[in-house]
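K.L.:
I'd like to ask some things about the structure below.
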Amino acid sequence: MSINIVILAAGSSSRLGQSKQLIQVNGKSLLKHAAKSALDSEADSVIVVLGSNSPSHKLEIEPLGVEIIENKNWQAGMGSSLKVGLNHLLSSTAEIQAIIVMVCDQPYLTTAHLNKLISTYRKQKSEIVASTYNTTKGVPALFNASMFPKLITLGDEQGARKIIEKHIGTISLVPFEKGEIDIDTPEDLEKLG
């Protein structure tokens with residue numbers, strides 16, 4: 001029974017005005033940092049869902065050996081990319097126990113945090129293990145296979161947080177230090193630098 005990571009990296013970074021996936025933080029692009037953190041974790045496989053600027057993003061991570069799939073309908077929103085990734089896994093991987101949904105713009109994400117999600121899941125057998133930072137419960141988040149039907153029926157513009165919020169009383173939480181720091185706007189980038 002495998003645990004797989006789906007990295008959502010299909011957006012166009014319109015509020016930022018440049019590709020957030022290729023922004024360098026500590027000498028590594030955000031996309032490469034996310035993919036490497038995932039690959040080094042205890043997860044069984046890692047797929048990256050690309051969309052906007054796909055050719056240049058593909059070049060960035062192809063050498064790492066992650067599986068890359070493309071969401072041709074990436075403009076529809078994050079939910080559409082999540083569904084493309086999950087459907088791909090369900091059609092190509094037997095016996096999926098759980099998936100971790102993550103994004104590529106959390107520069108403080110570590111392999112240790114991803115492993116903590118997995119170990120918490122194995123210990124507590126929760127259907128959802130979410131990261132918590134500030135007052136947010138969000139991604140990266142692990143979803144047991146029992147939650148896949150709910151993920152598949154998400155609206156295209158909705159993220160996994162909608163499902164996390166609906167199950168708030170029954171989920172396990174793992175603190176993610178600086179998890180609230182993500183790169184969406186030029187101001188976010190300035191704060192980081």
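K.L.:
Considering only residues of segment 178-187 that are touching a residue at least 24 places away in the same chain (Cβ under 8 Å) and either of a type outside the set (Ser, Thr, Tyr) or surrounded by 20 or more Cβ atoms within 10 Å (Cβ to Cβ) (or both), which is farthest from residue 4 (Cα to Cα)?
P.N.:
Taking segment 178-187 first, the residues touching a residue at least 24 places away in the same chain (Cβ under 8 Å) are 178-186.
From the residues that got through so far, the ones that are either of a type outside the set (Ser, Thr, Tyr) or surrounded by 20 or more Cβ atoms within 10 Å (Cβ to Cβ) (or both) too are 178-184, 186.
Values: 178: 24, 179: 21, 180: 23, 181: 24, 182: 23, 183: 24, 184: 26, 186: 32 Å.
Taking the candidates together, the pick is 186.
K.L.:
Follow-up. Are there any strands (runs of 3 or more DSSP E) wholly within segment 28-124 with 1 or more residues that are at pLDDT 95 or above and buried (at least 23 other Cβ atoms within 10 Å of the Cβ), and if so which?
P.N.:
45-50, 96-103
K.L.:
Can you say whether residue 5 is in contact with a Gly (Cβ under 7 Å, 6 or more places away or on another chain), outside any helix (DSSP H, G or I) and at pLDDT 95 or above, as far as the supplied structure shows? Talk me through it step by step, then tell me what you get.
P.N.:
Details: in contact with a Gly (Cβ under 7 Å, 6 or more places away or on another chain): no; outside any helix (DSSP H, G or I): yes; at pLDDT 95 or above: yes.
So residue 5 fails the test.
K.L.:
Quick check on segment 125-181: of everything there that is assigned to a loop (DSSP other than H, G, I, E, B) and of a type in the set (Ser, Thr, Tyr), which residue is modelled with the lowest pLDDT?
P.N.:
Narrowing segment 125-181 to residues assigned to a loop (DSSP other than H, G, I, E, B): 125-127, 134-135, 153-160, 167, 171, 176-181.
Checking the rest, the ones that are also of a type in the set (Ser, Thr, Tyr) come to 126, 135, 153.
Values: 126: 94, 135: 88, 153: 94.
In this case the residue turns out to be 135.
K.L.:
Between a residue in segment 141-159 that is within 21 Å of residue 172 (Cβ to Cβ) and any residue that is of a type in the set (Asp, Glu) and loosely packed, with under 15 Cβ neighbours inside 10 Å, which pairs come within a Cβ distance under 7 Å, given they are 6 or more apart or on different chains?
P.N.:
Once the first residue is within 21 Å of residue 172 (Cβ to Cβ) and sits in segment 141-159, no partner that is of a type in the set (Asp, Glu) and loosely packed, with under 15 Cβ neighbours inside 10 Å comes close enough.
K.L.:
Do you know which residues across segment 166-177 are surrounded by 12 or more Cβ atoms within 10 Å (Cβ to Cβ), out of contact with any helix residue (DSSP H, G or I) (no Cβ under 7 Å at 6 or more places or on another chain) and either more than 13 Å from residue 147 (Cβ to Cβ) or among the aliphatic types (A, V, I, L, M) (or both)? Step through it out loud before you land on a result.
P.N.:
Within segment 166-177, the subset surrounded by 12 or more Cβ atoms within 10 Å (Cβ to Cβ) is 166-167, 171-174, 176.
Going one step further and asking which of them are out of contact with any helix residue (DSSP H, G or I) (no Cβ under 7 Å at 6 or more places or on another chain), we end up with 166-167, 173.
Across segment 166-177, the qualifying residue is only 173.
K.L.:
Also: Just need a number here: residues in segment 10-38 that are touching a helix residue (DSSP H, G or I) at 6+ places or on another chain (Cβ under 6 Å) and under 19 Å from residue 117 (Cβ atoms).
P.N.:
Residues that pass the stated criteria total 2.
K.L.:
Another question about this same structure. Does at least one position in segment 77-89 carry a residue that is farther than 23 Å from residue 22 by Cα and among the aliphatic types (A, V, I, L, M)? Full working, then the answer.
P.N.:
From segment 77-89, those farther than 23 Å from residue 22 by Cα are 83, 86-89; that's our starting set.
Of the ones still in play, those that are also among the aliphatic types (A, V, I, L, M) are 86, 89.
Looking through segment 77-89, at least one residue is farther than 23 Å from residue 22 by Cα and among the aliphatic types (A, V, I, L, M).
The values are calculated or read from the model by the stated rules, or taken from the named source; none is laboratory data. Remember, predicted model here, so these are calculated numbers, not experimental data. Virtual Cβ from ideal backbone geometry, glycine too; neighbours counted across all protein chains shown.
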